[in-house]
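J.: Let me begin by handing over the structure; questions about it come next.
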Amino acid sequence: ASGALTAHSYNAAGMEEFQSELEKRDRDIEALERKVDQLRSDLSRRPASAAVTQVAAGQVGAWIEGPNESYPGQAIPYRVMVKNGATQNATELQVRARLAEGHEVVDPAGGQWDASTRLLQWYVPSLPAGKEHAIIFTARAGAVGDFDNCVDVTHRFASCASTRILQPALACQVHADELQAVGQAFQVNLAVTNTGTGVARAVQGSATLSRG
């Protein structure tokens, strides 16, 4: 009975220790999530450096922002900004982030991650003139050191020709008094209206008179 009691006490102590470890892990995860949320919030409010955000007139440029320091295994939010400094829309933008060795993507923000080339890529169909596009992704470093994560963007400028297709629609109405005296001249009114969307040019008409 004493041995059974000892085993029971050992199992209870083990379960308590295991439960304590689970609670500690949950607290650590919650603390990490709060820190990531804070970093995301800091990134969203932080003004971009003028040295990296200047995009020359007529060009499309991209830059990346992130915290100055972090720790191995910690999720790190990065913000990629793309700006169209031209006066026309940019189309088919390919935005690429090349992550340093040892970095892995946690949340690609809709992008495509290729671990073999260390490229995280996004496709942006179009970016209007003078507008910016933001992408926030999360990565994790596996080692200690100084690392550079870089971005670039390629694009096309669209040249468009706008053509409006119009169609006139003519209608003709004929009006004359129903009773007329034989041998006397009378007046017939013709009314032509255009209910379409285009101007009718060189309009010609003809009238067929009744026999007699």
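The values are calculated or read from the model by the stated rules, or taken from the named source; none is laboratory data. Worth saying up front: this structure is predicted, and the values here are computed from it rather than measured. Virtual Cβ from ideal backbone geometry, glycine too; neighbours counted across all protein chains shown. These area figures cover heavy atoms from the full protein model, side chains too; ligands, DNA and RNA do not enter into them. Shrake-Rupley method; radii C 1.70, N 1.55, O 1.52, S 1.80 Å.
J.: With respect to the numbered conditions (1) under 23 Å from Glu69 (Cα atoms); (2) touching a residue at least 12 places away in the same chain (Cβ under 8 Å), which one is the sole condition not fulfilled by Leu127?
T.: Evaluating Leu127 over (1) under 23 Å from Glu69 (Cα atoms); (2) touching a residue at least 12 places away in the same chain (Cβ under 8 Å) leaves (1) as the failure.
J.: I need the full set of residues from segment 149-201 which are of a type in the set (S, T, N, Q) and surrounded by 10 or more Cβ atoms within 10 Å (Cβ to Cβ), in order please. Let's see the steps before the verdict.
T.: Of the residues in segment 149-201, the ones of a type in the set (S, T, N, Q) are 149, 154, 159, 162-163, 167, 173, 180, 184, 187, 189, 193-195, 197.
Across segment 149-201, the qualifying residues are Asn149, Thr154, Gln180, Thr193, Asn194, Thr197.
Here's the yes/no breakdown for (1) without any contact (Cβ under 8 Å) to a residue 24 or more places away in the chain; (2) more than 30 Å from Gln88 (Cα to Cα); (3) under 58 Å from the mean Cα position of the chain (by Cα); (4) assigned to a strand (DSSP E or B):
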site	(1), (2), (3), (4)
Ala161	yes, no, yes, no
Pro168	no, yes, yes, no
Phe186	yes, yes, no, no
Thr193	yes, yes, yes, yes
Ala200	no, yes, yes, no
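J.: As an exercise: evaluate Pro67 against (1) open to solvent by 50 Å² or more (accessible area, probe 1.4 Å); (2) modelled with pLDDT of 80 or more; (3) more than 30 Å from Pro125 (Cβ to Cβ) and give the number of the one condition it does not meet.
T.: (1)
J.: Could you check segment 4-51 and list, in sequence order, the residues that are touching an Asp or Glu at 6+ places or on another chain (Cβ under 9 Å) and either open to solvent by 70 Å² or more (accessible area, probe 1.4 Å) or modelled with pLDDT of 55 or more (or both)?
T.: Kept after step one, since they are touching an Asp or Glu at 6+ places or on another chain (Cβ under 9 Å), are these residues of segment 4-51: 43, 46, 48-49.
Leu43, Arg46 - these are the residues of segment 4-51 that are touching an Asp or Glu at 6+ places or on another chain (Cβ under 9 Å) and either open to solvent by 70 Å² or more (accessible area, probe 1.4 Å) or modelled with pLDDT of 55 or more (or both).
J.: A further question on this structure: Here is a check on your reading of the model: is Gln88 open to solvent by 50 Å² or more (accessible area, probe 1.4 Å) and among the polar types (S, T, N, Q)?
T.: So Gln88 passes the test.
Let's see how each residue does on (1) acidic (Asp, Glu); (2) out of contact with any Leu (no Cβ under 8 Å at 6 or more places or on another chain):
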position	(1), (2)
Gly73	no, yes
Val80	no, yes
Ala97	no, no
Asp107	yes, yes
Ser116	no, yes
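J.: Can I ask one more? If I filter segment 108-120 down to residues being of a type outside the set (Lys, Arg) and within 19 Å of Phe147 (Cα to Cα), which single residue comes out as least open to solvent (accessible area, probe 1.4 Å)? Even if it seems obvious, please write down each step before you answer.
T.: Narrowing segment 108-120 to residues of a type outside the set (Lys, Arg): 108-117, 119-120.
After this cut, where a residue has to be within 19 Å of Phe147 (Cα to Cα) as well, the list is 108, 113-117, 119-120.
Numbers: Pro108: 41, Trp113: 72, Asp114: 62, Ala115: 55, Ser116: 101, Thr117: 58, Leu119: 16, Leu120: 0 Å².
For segment 108-120, the residue satisfying everything is Leu120.
J.: Any idea how many residues of segment 155-178 are over 30 Å from Ser210 (Cβ atoms) and modelled with pLDDT of 90 or more?
T.: 1
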